[in-house]
1. For a quick check: with amide H placed at 1.01 Å from N, whose amide H comes under 5 Å from residue 133's, ignoring anything fewer than 5 positions away on the same chain?
2. To make sure I understand, if each residue's beta carbon is the centre and we count other beta carbons within 10 Å, what order do 381, 97, 325 fall in, fewest to most?
3. From the phi angles alone, apply the Karplus equation (6.51, -1.76, 1.60; θ = phi - 60°) to the stretch 199-205 and give each ³J(HN,Hα) in whole Hz, x where the residue is Gly or Pro.
4. At R0 = 22 Å, how high is the FRET efficiency between residue 340 and residue 303 if r is their beta carbon distance? Nearest 0.05 is fine.
5. Run the numbers for residue 126 and residue 195: contour at 0.36 nm per residue of separation, minus the present Cα-Cα distance, in nm.
6. List every residue whose amide H lies under 5 Å from the amide H of residue 350, counting only residues 5 or more places away in sequence or on a different chain, with H placed 1.01 Å from N in the peptide plane.
7. Show that you can apply the helix-only estimate: for the chain, add -39,500 (n - 2.57) for every DSSP H stretch of four or more residues, divide by all residues, and state [θ] at 222 nm to the nearest 500.
8. So what is the diffusion coefficient of the chain in µm² per second by Stokes-Einstein at 4 °C and 1.567 mPa s, using a Kirkwood Rh over Cα pairs?
Amino acid sequence: MKGHLPGIRLLGAAGVLAMLLAACTSGVSQGEYNALKAKLETAKAAVVVQAGNLQPAPAGAQPTGWDTPESIRGGLHLVSTFDSSGPDAWDAKAHPVVYFSSEGTEDSSPLYDKKTPYFAGFHIVDAQSKQVVKSALFNVGREITRFPHGVDVSPDGKWAYVGWGQKTADGKSTEGVVAIVNVRTLKIDKLLKQESYYQGQMRSQSLHHIQAFKDWQGRDRVILQWGFGSVGGPHFILDPKNDNKVVKAINYDDVRPLGHPFTTPSPDGKFIYVSMDSPEISAAEAPEAAIAKLNLEDGSVKIIPGVGHHPIGIAHTADGKTTYVVDAHGSEVYKIDNTKDEVVGRTSAGVAGPYGLSLNWDETLLYVVGKGEGSHNLGGVLGVIDTKTFRQARDLVHQMPINLGGSASSVDHGILNPDPAVNELWVSNMNGWETIVVDLNTNKPIAWIPTPNGGNTHSGGFVRYSADWTGELLLDMGGPKSQSIWDIKKAKIAKLAAAR
C-alpha cells in the first residue's frame, strides 16, 4: 500500500481521529459525529501490526514442501511464509467466547476517508459484552484492491483465515490471496494464492467464503471457497493440524458447473453440499440449478437438481435429514430430503435476493438474510419461515420482514450466538459498518456493534477458548460446528416434541 512499509498496516487512534474529522467536514451532523465517536471509544480496539520475517517460496515449479497432489490439481499455491511467533496479542482468559468477523474498507461509511488506502483484516468481539477485543489489519507490501468476503477459524481455534485482493508485483493487474493467521499473535503464518488452467487460459480467483468443521472421522478441516457470482471454484479442504496442507480440491473434475462459492458440511461431517449453477443457468427461465452432495469418504457425487436459478445459502437440520437452500435470484427457499436426495418443498423467501440462512435453536424457524443479491444489493432485512408449515411466519412481529436498522445494507450471513439463554442472531453487514444483533425472543434488533475502523463485515464465527488457549469453533456461517452445540439443539427439539 502506498505510504506504508512492506508488511505493515497501521491505523491507530490518530487514524481513527482523522477519519472522524473527515466525516465532520463531509456532511455528517455533529450529533452523528458524536455518536460514532462514542461507539469507537467504547470499542477500544488496537490494530495489530504484521511485521513477520518474510520467507519467499521457491520460484517456478519447484516444490515447497507444502504442496500436495490435491493442491497442485486445484491450483492452490504457497506464496510466502512468515514467522508468526510472538507474544499473545489478546487475553483469551478474559474473553472466553469471542466472535470473529472480517473487516474491510467501506466506502459508504461516514468514517471513511477517501484519501486513505484500502485496508483488509478481521476483528474479534466478546460474545457476552459485545465489545471489540482486538482488530487485525494486514498488508504484505501491495496495494489492497478488494476487501475480505469472509473469515473463519480452525476447529481448534488456532488459525484464522482471511482473504483479500491486491495489486500484483508489477502493479499492472490484481490477484486474490488468503492469509493464514496465528490467532494468539495475530500474525500471518502463510500466504496462499489460487491459480489454475480454466477454459483455455490461466485464471486466478479471489477468496470468498470460508468454513471449518470436523469430518466423520473427527479430523479438523477448513474449506476455502474461491470465486464470485455464478463462476465459483475451485474450493480446497485444508488440514489445519498438518501445516494447513490441502487434503482435497473440489474443481470441475469433481463438480461441474461450480456455482456461487457456498459449500456446507453435513452435521456428521461426511458430506459437503456444493452450490451449482452458471451464468446460463442463472439467466434461464427454468429453475434448474442444483446442489452437489459430495461424499468425502469415497469421493462420489450426487446431484440434487431443481433448486432455483442461483443457489447460495445452505443450512442443515440437527438430525441431518433436511437441508434448506436459498435461490438468490428467484427469492425462494428450497427444502431437500437428504434420505431421498431430492427437493420436497419450495416457498417464498419473504425477502428480495436472499443470501444466508440460519435455523433457530429448536429449528421451528428459519431466518433468511435479505441481501438483495442479484438486484439492488442493498437489503437490510430478515425474512422468517415457519419450518413446520414451510411458509412465511406471519405472527412474530407486526411488521415483516424484520428491519435491521442502523447501517444494515447488503446484509449476508446470520450466526447464532452459542449461548441459547441469550438467544441472539448476529448478522454480518457487507455494505455497512456494524454487526447487527437480533433478539430471537422478540425478533427485533437490539445492538449494533461498530467495526473498530469503520469497515464492513462479511460472515463470522464464534469460538470458545480456555485460559491455556485450547479452542473450539462453536458456530460459523454454515451453522453449528461443535458437537456440544448440536447436542443443545437436539435436546431443545426433543423437549419441544415431547410438549406437543
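Read-outs throughout are calculated quantities, based only on the coordinates presented, and are distinct from any laboratory measurement. Everything numeric in this text was worked out from a predicted model, so none of it was measured. Positions of Cβ are backbone-derived with ideal geometry, glycine not excepted, and every protein chain shown enters the neighbour counts.
1. Those qualifying (amide H under 5 Å, at least 5 residues apart or on another chain) are 124, 125, 126.
2. 97, 381, 325
3. So the Karplus estimates, Gly and Pro as x, are 6, x, 7, 6, 9, 10, 8 Hz.
4. On the way: r = 13 Å, r/R0 = 0.60.
E between residue 340 and residue 303, to the nearest 0.05, is 0.95.
5. Details: separation 69, 0.36 × 69 = 24.84 nm, distance 3.65 nm.
Gain on stretching residue 126 to residue 195: 21.2 nm.
6. none
7. Helix-only estimate at 222 nm: -3500 deg cm²/dmol.
8. D, rounded to a whole number, is 57 µm²/s.
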